[in-house]
Amino acid sequence: MAKEQSAVIERLHTGIYKPRMFTVFMHNDDFTTMEFVVMILVNVFFKTENEAERLMLEIHTSGKAAVGTYIFDIAVSKARKATEMARAEGFPLCLTVVEQL
């Protein structure tokens, strides 16, 4: 029985890697309303009302703010959804997706 167990070789490398993460940034502009930005943060990025208002003020005062960090597909999907919603309402809202280093 001991000979059978010693013949088992453990695999040290599994080939599973942690996915690269990407941060979605929302940029300030002079046309998109603060209420619309808060609505996007709540409905697309699932922020609480208080967190959404804090982020909206940070975007307004700093020019941009990180609104979420996700794997690539989700980050791009959320940025695209928010952009489409903004365009449907006539707002030039700009979001960028940047790889975390």
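Taken over segment 1-57, the criterion of being acidic (Asp, Glu), loosely packed, with under 14 Cβ neighbours inside 10 Å, assigned to a loop (DSSP other than H, G, I, E, B) and modelled with pLDDT of 95 or more is satisfied by no residue. In segment 81-101, the residues that are more than 16 Å from Thr32 (Cα to Cα) form Cβ pairs under 6 Å with partners that are open to solvent by less than 40 Å² (accessible area, probe 1.4 Å) and not aliphatic (A, V, I, L, M), at six or more places apart or across chains, as follows: Val97/Phe22; Val98/Thr23; Glu99/Phe22; Gln100/Thr23. For segment 58-101, taking the residues that are hydroxyl-bearing (Ser, Thr, Tyr) and part of a helix (DSSP H, G or I), the one that is surrounded by the most Cβ atoms within 10 Å (Cβ to Cβ) is identified as Thr83.
Reported count of residues in segment 50-101, each being touching a Leu at 6+ places or on another chain (Cβ under 9 Å), more than 15 Å from Thr23 (Cα to Cα) and of a type outside the set (Val, Ile, Thr), is 7.
The values are calculated or read from the model by the stated rules, or taken from the named source; none is laboratory data. Bear in mind the structure is a predicted one, so any value in this text is a computation, not a measurement. Backbone-built Cβ (ideal geometry, glycine too); neighbour counts: all protein chains shown. Remember, those area values only see protein heavy atoms, side chains included, never the ligands or the DNA or RNA. Shrake-Rupley method; radii C 1.70, N 1.55, O 1.52, S 1.80 Å.
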